Amino acid sequence: LIADFRKPIVCQISGRATNGGAGLACLANISGAYTDSEVVVDACFTGLVPDGGLTYVLAQLPWHLGEFLALTGWPVRGADLVYIGLVKHWISHDALPFLELTAEKHLEVSEHDSRVLLLEHSLPVPPGLGEADSIPKGVIPLLADAFSNSSIPLIAESLKQMADNQTDQTLKNFANECLRRMETASPIALHATLRLIHEARRLVKQAPPPTGVGLHGPRGALVQVLRLELRTQQRLLCEQDAVLGLHAKCLGRSLKQGEWSRKRIQDVLLVDTEEIVNRAPRLEANEGEDFAVCDRSEFPFSQHPRLRRYHPDYNPKTGLDHDPAWMAQEVRRWAPDLFADRRERAVEELLGGRDPSRYGLSRWVRVDG
């Protein structure tokens, strides 16, 4: 609903957002972060997978950061959220009251103009991906190499080799920390999460994300990813790992390696992952049906003639729900040729009769000689 909503939706991450909640924020068409914003994808540490469309977002991150964040639960903070592509804008909390005032004007201007007014509250993004930030720039080549592998055992083996062969102590410690985090997560959840991200990336390549607002459609890549997420989450909730992980989380503790139903990440077979992620639901076994979205009529209620009479601005004499003179004025106000003659006269006065082509103000170029 949020990703495919036709109106501008502003979602500001205040504090920590995790898993499905982070997915809702990242899918908003105007998503914002600030200095105290943080995103953590730690579903694998409770025996579950990221949902709410988050794997769709993670699959589109550069340098295989999606796999890294989902498999290690690494927190991303501040400006790094914008630089890696989890959110789109840098918005201060002080701007929220002004965003509310701007949103109140939505019904007075077009949807395009409303979106332009909202984006004016976005600030320049400060420097990020530094050595003191949540994702230092120096570790990105290591991440891109290790997490580009096709399976969990290969990723773990790659991290182990990097930790053993690295001469840089910072990179060695980073590889060891990634490996330690993965070893404490649920092995079956790790395998299922990696499969979901790979499937989401494949679906995105087949049907690239829409460029406009609210154009995902009822059968787009996002809907297919949501279907796989829901299917996987329902099956993992019936697994022992979900009971162990959620119970430990309620008690404020973390499970260690060997306490999950599969003792090691190598104990999960490919057929286990396919059974959880890719198999269609069996209704005779009381499994829930797949997620689906109804087709839109693409006929807004506001276009229905009978509904116009219930509009607060409905005029029974004209049969219209808007003022034609005011609407024509708005069209004129946002027209590209508004005040074009005044601008032309102002430029001529500033040039004082000089050649405008010498100042880049003409499509003609004077050639001397």
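Which residues, taken from the range 303-319, are at pLDDT 75 or above and closer than 22 Å to His112 by Cα?
Residue satisfying the conditions is Asp313 alone.
One line per residue, one yes/no per condition, for (1) open to solvent by less than 60 Å² (accessible area, probe 1.4 Å); (2) hydroxyl-bearing (Ser, Thr, Tyr); (3) out of contact with any Leu (no Cβ under 6 Å at 6 or more places or on another chain):
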site	(1), (2), (3)
Ala242	yes, no, no
Ala248	yes, no, no
Gly252	no, no, yes
Glu259	no, no, yes
Lys263	no, no, yes
Leu270	no, no, yes
Thr273	yes, yes, yes
Ile276	yes, no, yes
Arg279	yes, no, yes
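Output the residues belonging to the range 1-11 that are open to solvent by less than 50 Å² (accessible area, probe 1.4 Å) and either assigned to a helix (DSSP H, G or I) or in contact with a strand residue (DSSP E or B) (Cβ under 8 Å, 6 or more places away or on another chain) (or both).
Correct list: Pro8, Ile9, Cys11.
Has the range 47-55 got any residue that is out of contact with any Asp or Glu (no Cβ under 8 Å at 6 or more places or on another chain), open to solvent by 10 Å² or more (accessible area, probe 1.4 Å) and closer than 16 Å to Thr232 by Cβ?
Yes, the range 47-55 has at least one match.
Would you be able to tell me the number of residues in the range 114-124 that are surrounded by 15 or more Cβ atoms within 10 Å (Cβ to Cβ), in contact (Cβ under 8 Å) with a residue 24 or more places away in the chain and touching a helix residue (DSSP H, G or I) at 6+ places or on another chain (Cβ under 9 Å)?
The qualifying residues number 4.
Can you name every residue in the range 12-32 that is part of a strand (DSSP E or B) and surrounded by 21 or more Cβ atoms within 10 Å (Cβ to Cβ)?
Hits for the range 12-32 are Ala17, Ser31, Gly32.
Quick check, is Thr193 modelled with pLDDT of 95 or more and either closer than 25 Å to Pro62 by Cβ or outside any helix (DSSP H, G or I) (or both)?
In short, yes.
What are the pairs, 6+ residues apart or on separate chains, where a residue within the range 33-56 that is part of a strand (DSSP E or B) has its Cβ under 9 Å from a residue that is open to solvent by less than 20 Å² (accessible area, probe 1.4 Å) and among the polar types (S, T, N, Q)?
Close Cβ pairs satisfying both conditions: Glu38/Ser134.
The values are calculated or read from the model by the stated rules, or taken from the named source; none is laboratory data. This one's a predicted model, so the numbers in the text were calculated from it and none came from an experiment. Cβ: placed from backbone, ideal geometry, glycine included. Neighbour counts: every protein chain shown. For the accessible areas, the whole protein counts, side chains as well, though only heavy atoms, and no ligand, DNA or RNA atoms are used. Shrake-Rupley method; radii C 1.70, N 1.55, O 1.52, S 1.80 Å.
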